[in-house]
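The block underneath contains the structure these notes are about, expressed in structure tokens.
The values are calculated or read from the model by the stated rules, or taken from the named source; none is laboratory data. Since this is a predicted model, take the numbers as computed values, not measurements. Cβ sites come from the backbone with ideal geometry, for glycine too, and all protein chains shown count toward neighbours.
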Ligand code: SF4
Ligand code: SF4
């Protein structure tokens with residue numbers, strides 16, 4: 001068959017018509033699908049609804065019953081303290097540089113012997129996290145060299161205005177636990193190195209998991 005063959009188009013049309021005929025013949029020979037149930041279709045439909053009434057209810061009764069998240073859930077951040085109450089944050093801004101959403105703002109300040117907030121030379125004078133930007137990826141806590149910044153399980157971060165979703169240092173600081181003293185005050189645990197060496201026998205403070213916090217992670221303003 002060549003391109004110039006006037007009969008070529010007619011042959012192709014004939015083949016197409018033959019295949020359509022073949023398909024129609026196969027359709028007419030096909031056996032109709034058998035219904036799996038003797039119930040009529042509406043009965044089968046209502047049967048699904050009826051059976052559902054006896055299954056375990058999966059409705060979350062939130063907020064009456066607070067949801068307990070997985071232990072490693074990434075929620076609201078916490079700025080942690082040393083056991084004497086001094087802040088772990090040294091105002092290095094590494095968390096802000098690591099943040100892909102540009103959600104963290106840090107301004108460092110200088111400690112002095114008369115006014116000391118952290119064991120290092122500097123402390124986080126201004127610290128803000130913008131929860132309108134944060135995507136809870138956790139890169140900031142990976143970047144923090146002092147384990148000052150960690151994430152709790154608290155997920156209740158909704159609000160109706162932009163300003164209240166920019167959390168300040170005061171909102172993010174971990175609460176003072178028994179035995180802690182509010183800074184500024186001198187280093188009570190030795191020199192600067194002693195603060196960053198974990199004691200093997202150190203115990204985590206007890207924390208209510210239903211308040212949205214991990215065992216080692218008290219949440220500022222956590223739910224009672
Ligand atoms: S969790 Fe991610 S997005 Fe949120 S502040 Fe940290 S680095 Fe930025
Ligand atoms: S939270 Fe950590 S990384 Fe961020 S400024 Fe403080 S010490 Fe540096």
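Would you be able to say whether some residue in segment 162-175 is in contact (Cβ under 8 Å) with a residue 24 or more places away in the chain, assigned to a strand (DSSP E or B) and away from ligand 1 (no atom under 15 Å from the Cβ)? The answer is yes, given that some residue of segment 162-175 is in contact (Cβ under 8 Å) with a residue 24 or more places away in the chain, assigned to a strand (DSSP E or B) and away from ligand 1 (no atom under 15 Å from the Cβ).
Looking at residue 122, is it at pLDDT 95 or above, more than 17 Å from residue 171 (Cβ to Cβ), surrounded by 15 or more Cβ atoms within 10 Å (Cβ to Cβ) and out of contact with any strand residue (DSSP E or B) (no Cβ under 7 Å at 6 or more places or on another chain)? No, not satisfied.
Note on segment 169-180: residues that are at pLDDT 95 or above and either surrounded by fewer than 12 Cβ atoms within 10 Å (Cβ to Cβ) or closer than 20 Å to residue 67 by Cβ (or both) amount to 1. Within segment 148-168, the residues that satisfy the criterion of being within 16 Å of ligand 2 (Cβ to nearest atom) and crowded, with 18+ Cβ neighbours inside 10 Å are 148, 149, 150, 151, 152, 167. Residue pairs whose Cβ atoms lie under 6 Å apart, sitting 6 or more positions apart in sequence or on different chains, and linking a residue in segment 134-147 that is within 8 Å of ligand 2 (Cβ to nearest atom) to a partner that is part of a helix (DSSP H, G or I), are 140/95; 140/98; 143/94; 143/95; 143/98; 144/95. Does segment 123-140 contain at least one residue that is within 11 Å of ligand 1 (Cβ to nearest atom) and assigned to a helix (DSSP H, G or I)? So far as segment 123-140 goes, yes, one or more of its residues are within 11 Å of ligand 1 (Cβ to nearest atom) and assigned to a helix (DSSP H, G or I). Return only the number of the condition from (1) modelled with pLDDT of 95 or more; (2) within 16 Å of residue 80 (Cα to Cα) that residue 197 does not satisfy. All conditions are met except number (1). Screening segment 47-106 for residues that are at pLDDT below 95 and outside any loop (DSSP other than H, G, I, E, B) and picking the one that is nearest to ligand 2 (Cβ to nearest atom) gives 52.
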